Amino acid sequence: MSTGVTDAGAASMEGLEKKLAGLSLARRSRPEDPTYLLDAALQPDAGGLLAVSCSDFTLRLHDKDTLGRVGEFKGHRKPLCGLTFARGSPDLLFSGSADGTVRAWDVRRPGSAAAQTFSSDPAHAYCSFDVSCGDALLTAGTEQLQDDSFLVFWDRRKPGTVLLGAYSESHSDDITQVRFHPRDKDRLASGSTDGLVNVFDLSRGAEDEALLATCNSGSSAGAVCWSGPAYQQLLCLSHDEGLHLWDLSRLHTDQPLAVFAAADARGLAPLPGGRGVDYLVGGRWLEGAGRLLVVGGTGGGDLHLMECDGDGLRLLRSLEGGHAATVRCFVWDEATDALITGGEDAQLLLWKPGGEELTAGSRESMKSQSALRVKSRPHKKVSYQREKKTTT
């Protein structure tokens, strides 16, 4: 006999599949110049903006419904490592860069200088950053500097952007990802090319006390995503297409943290003909559907939407005929059940339920010069021999 939980789970799964089945290409922002689109973020609180980071070090603002460009920001001098909107102040957009700065921009004033600039040691180059769910705490992860890698912290509310402090013992290589918990302002996850994913409780202060768990991905960690109904799970995608799902609610039990693990996840959800995806773009917990979405792609630009749980990956929907090159980023708009994607063909695509592209035509390719690939600076270092403090 089915339980209520099982019935609810089945219903939400059917609901998600129905939503994804209805997606079709509705809008296309065609290339204006040869730049990779690296990352994207939606303005919260029903805001109408989509922000995109580009391989030419600029940030672009688009209308999320029409994809029309409405402004841009310039100021970073080296590759960008992400962007995010503040939750409580949705007109504030943050960006981080290998130039050693995290900057805050007022999206009401496109083209203006940064409203705030955060930095630490002049030798630091950032390859990840994030803002806490309460918007007060800002952190960045550095590239390896001699034998150390640093997590640096600022209180965004304090004048002068004075550095609060730093952690330097928990990672031994580039810190490629930092992610604050969506609901707990003191909970932070970090991933590194040393293969480790660390979880901290920042309310405990000192680094040794704050470190709650260390999970070993066995490879260079690329993307980390909080997931699960109470955001007690962590998804890690590695640079060589590995996938790990850990359950932190088991931290003080005898159960293993690992829910699922695969050294190479590309063939876990076979495509028609038995082939697999070529790469994994990223993951996102869909709160409304109660499911973890993982997006994969093929070299020609086709996208494949998959569910991830303790049984691995399951293909839900393929989106073809849109991009013409590798997809680098995606965002899911919960308010409209729409998907926005961007990639190395310099195009933004909007996929909506029942969408029909207004301007017909084949997908365009604008593969950038090799210099732009260098500018985008994907992490490919593999250094993950460190074993101490590891929880599997």
Legend entry - Some residue of segment 238-248 being of a type in the set (Asp, Glu), open to solvent by 10 Å² or more (accessible area, probe 1.4 Å) and on the phi > 0 side of the Ramachandran plot: yes
Inset, instruction - Residue by residue through segment 137-159, note down the ones that are among the acidic types (Asp, Glu) and crowded, with 20+ Cβ neighbours inside 10 Å. - result: Glu143
Inset, instruction - Might you check whether a residue that is modelled with pLDDT of 95 or more, assigned to a strand (DSSP E or B), open to solvent by 10 Å² or more (accessible area, probe 1.4 Å) and acidic (Asp, Glu) occurs anywhere in segment 290-306? - result: no
Legend entry - Condition broken by Thr253, with the remaining ones in (1) farther than 20 Å from His181 by Cα; (2) open to solvent by less than 40 Å² (accessible area, probe 1.4 Å); (3) β-branched (Val, Ile, Thr) satisfied: (2)
Legend entry - Some residue of segment 210-217 being part of a loop (DSSP other than H, G, I, E, B) and farther than 21 Å from Asp148 by Cβ: no
Inset, instruction - Count, please, the residues in segment 321-339 that happen to be more than 21 Å from Asp45 (Cβ to Cβ) and acidic (Asp, Glu). - result: 0
Inset, instruction - Considering only residues that are among the small types (Gly, Ala, Ser) and surrounded by fewer than 16 Cβ atoms within 10 Å (Cβ to Cβ), look in segment 76-111 and name the one that is farthest from the chain's Cα centre (by Cα). - result: Gly111
Inset, instruction - Return yes or no: is Leu196 closer than 17 Å to Val294 by Cα and of a type outside the set (Gly, Ala, Ser)? - result: no
Inset, instruction - Tell me which residues, restricted to segment 199-212, are surrounded by fewer than 19 Cβ atoms within 10 Å (Cβ to Cβ), of a type in the set (A, V, I, L, M) and within 18 Å of Pro182 (Cβ to Cβ). - result: Leu212
Legend entry - Filtered residues of segment 175-198 (kept if among the hydrophobic types (A, V, I, L, M, F, W, C) and either open to solvent by 40 Å² or more (accessible area, probe 1.4 Å) or under 13 Å from the mean Cα position of the chain (by Cα) (or both)): Val178, Phe180, Ala189
Legend entry - Among (1) within 27 Å of Gly15 (Cα to Cα); (2) modelled with pLDDT of 95 or more; (3) not polar (S, T, N, Q) - the single one Gly274 does not satisfy: (2)
Inset, instruction - Being closer than 23 Å to Cys236 by Cβ and open to solvent by less than 20 Å² (accessible area, probe 1.4 Å) narrows it down to one of Ser172, Ser128, so name that one. - result: Ser128
Inset, instruction - Starting from segment 43-59, take each residue that is hydroxyl-bearing (Ser, Thr, Tyr) and surrounded by 21 or more Cβ atoms within 10 Å (Cβ to Cβ) and list its partners that are assigned to a loop (DSSP other than H, G, I, E, B) and modelled with pLDDT of 95 or more, counting only C-beta distances under 8 angstrom and pairs at least six apart or across chains. - result: Ser55/Tyr36; Ser55/Pro79
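The values are calculated or read from the model by the stated rules, or taken from the named source; none is laboratory data. This structure is a prediction, so every number in the text was calculated from the model and none was measured. So basically every Cβ, Gly included, is an ideal-geometry build from the backbone, and we count neighbours across all protein chains shown. Heavy atoms of the whole protein, side chains included, go into the accessibility calculation; ligands, DNA and RNA do not. Shrake-Rupley method; radii C 1.70, N 1.55, O 1.52, S 1.80 Å.
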